[in-house]
There are 2 protein chains.
Amino acid sequence: MNLLKTQLKGDRVLAGKEAVAELYKTGYFGRPKDDGLELSLVEAAYLQSRGKLDIELEGKLLGFRAFFEQASLRQQNFELKYIVYKDLKERGYYVQPSAADFRVYPRGSHPGKSAAKIFVHVLSERQPLSVKLLQESVASAENVHKQFILAVVDEESDLTFYEIKSASPKGEMPEPFPAVKADATFLEDRVIAWDAEASGALYSRGFYGKMLDPERLQLSLVESLYLFSRGVIVVRDRKGKIFSFDEFVEKASEIEGSFLRKYSAYKALRDSGHVVKTGFKFGTHFRVYRKVESIEKIPHSEYLVNVIPEDYEFRLPVMSGAVRLANSVRKRMLFAVEKGEEVEYLDIGRVKM
Amino acid sequence: MNLLKTQLKGDRVLAGKEAVAELYKTGYFGRPKDDGLELSLVEAAYLQSRGKLDIELEGKLLGFRAFFEQASLRQQNFELKYIVYKDLKERGYYVQPSAADFRVYPRGSHPGKSAAKIFVHVLSERQPLSVKLLQESVASAENVHKQFILAVVDEESDLTFYEIKSASPKGEMPEPFPAVKADATFLEDRVIAWDAEASGALYSRGFYGKMLDPERLQLSLVESLYLFSRGVIVVRDRKGKIFSFDEFVEKASEIEGSFLRKYSAYKALRDSGHVVKTGFKFGTHFRVYRKVESIEKIPHSEYLVNVIPEDYEFRLPVMSGAVRLANSVRKRMLFAVEKGEEVEYLDIGRVKM
């Protein structure tokens, strides 16, 4: 069998015009250019491993190893891209190199028949992922109605695919809190409301806090500030002095450095009709319910939520663990990104390709 | 009913000699002292909430709220301790205050009948936990054959109990690697072994790496250094130059800051007969198998392992998430603490009391 002769030039592999018929028209490999075909390095490596190409560099034939080493020197992330490209091809997808990093066509379709459906971005588990860039990429994909997929190559070269999309969770709670008035004390790092009737209403109708005993309610700091800002509770220090809003924020921020960021997400979630409880047992800031009908029958929570600043950088193993845990308890993992006074949500879930 | 009259003095509540009979001899509350009984603040608050005591401060009777606020001002972590003490009492345990923080008697037993069985240490989820202090506490407990339990109070005052013990995991793999020789290239952040036969042996008998294709094996950096240090592979850069051990470590450490720490745990686990693979999907450094018989039938892995420096401070929500994830996939969560050239293990699991 005569293999197609190609030349490695820079970060491209160039083939003659016979390749247009053999590779482009039948398999949608490469891009026709100047009477020939231009292949990316990953396409060339893949075709070489399938015995379709001879690749020459300065007149010398390169074996797979020599070409792979050359390609790795010439293109950043080459191995990662190769691992992902090969995986997608072997799953039967048509894949084209693109700015970030591949365009993938729907199953059964190919270039020319329909548009690509998925943008795939490739990362090593060791590379940090800026949430700002991620949000931009997701928005770009969603603007043109594409799915955004992150393909993470771990240190052992195993692949995990994550679908990332923007989200606007809406809850179904008719009112964010019962109309009561209660007196409460800011203790060391939590707040106790003392009135039995108000405590009972906040707990069993508003789903706030946890009863210390049948009469008194323990509230978290974010719960307390939310109820305080709504005029539901008055908060005093242990000597009886009433806190102002700013004094409360200052004290809470001493206890928990990122208190205000966490509060902004708590507030946004409560305001949009959710019941929001701590996610401590899952290692996240919150677990979130769209609707709770009765304190005796707390349903399954829909979301786990981590609150992050807008300049956050994901460490992918940490993100992976959070998503895996959420999925293992049948919840969605949401990241609430603090944007000034607003909060934007990213929904990250593992997907099979 | 006549309540026992007591006095709040400093961080103790003092009762007369009738309390010795009523509280100490029947319920093992407090410590007899100077012809009377001395109660800790949590004991007193608990007894007060059960209607057993009147507590006075400077001649004035304190209600539950007033005493609680006073106690919170007088003792650090008072609320946390109260929450844990009350929970344990309501579960039917006999509990005594101790240095760190409670001694708990076995079910059905009490002080004087048998020794305490459990040391319970109380923390807020917001308090950092020094691994050094933790190791000391666990060792102290284990030296006197006690169980060490960490009671974590989350921001909503819910309680989670963790049992923490030292561990010495032992695997059952007869030989750590097959006796082959292979040539490999250090690419961008991973290594490829090129020889088909050696690659196959390393993969299917040593359970190293992941095949790139039927001929070539991708190895992680820790796997590569382990095999390299055993003389199994020779590692070259992409231009063919052979790495020395130090050069490999230097390059790998540039790619991954804590490479050597991770390697020391990888080496310890492999040397003790385990098969060690990446834990990326679980957000941990490693997943660990005690025994793998065949690459076609990879069993359930027993452990997830995170490697930490000896001056590490646990953030409890992060620890909680890791333990929860491990338990949800039926594995033990181990923390491998780097101690010079050695590695010590802490096994942390959630328990019900």
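The values are calculated or read from the model by the stated rules, or taken from the named source; none is laboratory data. The shown structure was predicted, so the numbers you read here are calculated from the model rather than taken from an experiment. A quick note on method: Cβ atoms are made from the backbone with ideal geometry, for glycine too, and the neighbour counts reach across all protein chains shown. Ligands, DNA and RNA are excluded from the accessible area calculation, which covers all protein heavy atoms including side chains. Shrake-Rupley method; radii C 1.70, N 1.55, O 1.52, S 1.80 Å.
Which one, B:226, B:169, B:93, projects farthest toward the positive side of the charge dipole computed for chain B from Cβ point charges (K/R +1, D/E -1)?
It is B:93, whose Cα lies furthest towards the positive end.
Helix-derived [θ] at 222 nm for the protein assembly as shown: sum -39500 (n - 2.57) over DSSP H runs of at least 4, divide by residue count, nearest 500?
-8500 deg cm²/dmol
So what's the convex hull volume per residue for the Cα atoms of the range B:1-75, in Å³?
Spread over its residues, the Cα hull of the range B:1-75 gives 86 Å³ apiece.
About the Cα centre, and with charges only on the beta carbon of Lys, Arg (+1) and Asp, Glu (-1), how big is the dipole of the protein assembly as shown? Nearest 20 debye, please.
1800 debye
Provide the per residue accessible area, probe 1.4 Å, for chain A, rounded to a whole number of square angstrom.
Heavy-atom accessible area per residue stands at 43 Å².
With a 1.4 Å probe and every protein chain left in place, tell me how much accessible area residue A:87 has, in Å² to the nearest 10.
The accessible area comes out at roughly 40 Å².
Which whole-number percent gives the relative contact order of the range B:1-116, counting Cα pairs below 8 Å spaced six or more residues apart?
Reported relative contact order: 20 percent.
Amide H to amide H, which residues 5 or more places from residue B:331 or on other chains are under 5 Å from it, using H placed in the peptide plane?
Long-range HN contacts for residue B:331: none found.
If you take the square roots of the eigenvalues of the alpha-carbon gyration tensor of the range A:64-164 and sort them as a ≥ b ≥ c, do you get rounded (a/c under 1.5), prolate (a/b over b/c) or oblate?
Oblate, since a/c reaches 1.5 and b/c is not below a/b.
Where does each of B:242, A:118 land when they are ordered by accessible area, with a 1.4 Å probe and the largest first?
B:242, A:118
Any chance you could give the angle, 0 to 90 degrees and rounded to 10, that helix B:131-143 forms with the longest Cα principal axis of chain B?
For helix B:131-143, the angle is close to 70 degrees.
So if each residue of separation counts as 0.36 nm, and I subtract the Cα-Cα distance between residue B:115 and residue B:132, what length gain in nm does that give?
3.4 nm
Please find the FRET efficiency linking residue B:298 to residue B:330, where r is the Cβ-Cβ separation and R0 is fixed at 22 Å, and quote it to the nearest 0.05.
Efficiency, from the Cβ-Cβ distance: 0.90.
Mean separation of Cα pairs under 8 Å and 6+ residues apart, divided by the residue count of chain B: what relative contact order is that in percent?
12 percent
For helix A:316-328, report the angle its Cα long axis makes with the longest principal axis of the Cα atoms of chain A; keep it between 0 and 90° and round to the nearest 10°.
It works out to around 70 degrees.
Projected onto the charge dipole of the protein assembly as shown (+1 at Lys/Arg Cβ, -1 at Asp/Glu Cβ, origin at the Cα centre), which of A:206, B:343, B:317 gives the Cα projection farthest towards the positive end?
Highest projection toward the positive end goes to A:206.
Looking at the range A:167-223, which GluC sites (Glu not before Pro) are DSSP coil and have at most 13 other C-beta atoms within 10 Å of their C-beta?
Qualifying residues, ordered by number: A:172.
Quick one: helix B:64-74 against the long Cα principal axis of chain B, what's the angle to the nearest 10°, folded into 0 to 90?
Once rounded, the angle reads 60 degrees.
Roughly how crowded by other chains is peptide B:29-37, in terms of the mean Cβ count from those chains within 10 Å of each of its Cβ atoms?
Mean shielding count: 0.
Quick one: putting +1 on the C-beta of Lys and Arg, -1 on the C-beta of Asp and Glu, what dipole do you get for the range A:87-230 around its Cα centre, in Debye to the nearest 20?
Magnitude of the dipole: close to 880 debye.
Are there any GluC sites (Glu not before Pro) in the range B:302-335 that are in a DSSP loop and have at most 11 other Cβ atoms within 10 Å? List them by number.
none
Residue A:283's amide H: which non-local residues (gap 5+, or another chain) put their own amide H closer than 5 Å, with H modeled 1.01 Å from N in plane and none for Pro or chain starts?
When sequence neighbours closer than 5 places are left aside, the close amide H contacts are B:321.
Shielding by partners for B:71-79, please: the mean number of other protein chain Cβ atoms within 10 Å of each residue's Cβ.
That works out to 3 on average.
How big is the charge dipole of the range B:206-353 about its Cα centre, in debye rounded to the nearest 20, if each Lys and Arg gets +1 on its Cβ and each Asp and Glu gets -1 on its Cβ?
Roughly 740 debye for the range B:206-353.
Tell me, in nm to one decimal, what length is gained between residue A:91 and residue A:56 on full extension, where the rule is 0.36 nm per residue of separation less the Cα-Cα distance?
Separation in residues times 0.36 nm, less the Cα-Cα distance, equals 9.7 nm.
In the structure displayed, which of A:52/A:146; A:146/A:352; A:331/B:262; A:267/B:89; B:262/B:291 lie more than 24 Å apart, Cα to Cα?
Flagged as over cut-off: A:52/A:146; A:331/B:262; A:267/B:89.
For B:311-321, what's the mean count of beta carbons from other chains sitting within 10 Å of each residue's beta carbon?
3
Step through the residues of the range B:169-175 one at a time and calculate ³J(HN,Hα) from phi using the Karplus curve (6.51 cos²θ - 1.76 cosθ + 1.60, θ = phi - 60°), rounding each to whole Hz and writing x for Gly and Pro.
Karplus values, whole Hz, x for Gly and Pro: x, 10, x, 10, 6, x, 9.
Name the aspartates and glutamates eligible as straight-distance cross-link partners of residue B:17: C-alpha to C-alpha under 13 Å, and not fewer than 8 places from it in the same chain.
Hits, sequence-local ones excluded: B:34, B:35, B:38.
Which GluC sites (Glu not before Pro) from the range A:1-68 combine a DSSP loop assignment with at most 10 other Cβ atoms within 10 Å?
A:58
Please give the total accessible area that chains B and A bury against each other, computed with a 1.4 Å probe and expressed in Å² to the nearest 100.
Protein heavy atoms only, the B-A interface buries about 6100 Å².
Run the accessible area of the range A:1-75 with a 1.4 Å probe and give the carbon-and-sulfur part as a rounded percent.
C and S atoms contribute 47 percent here.
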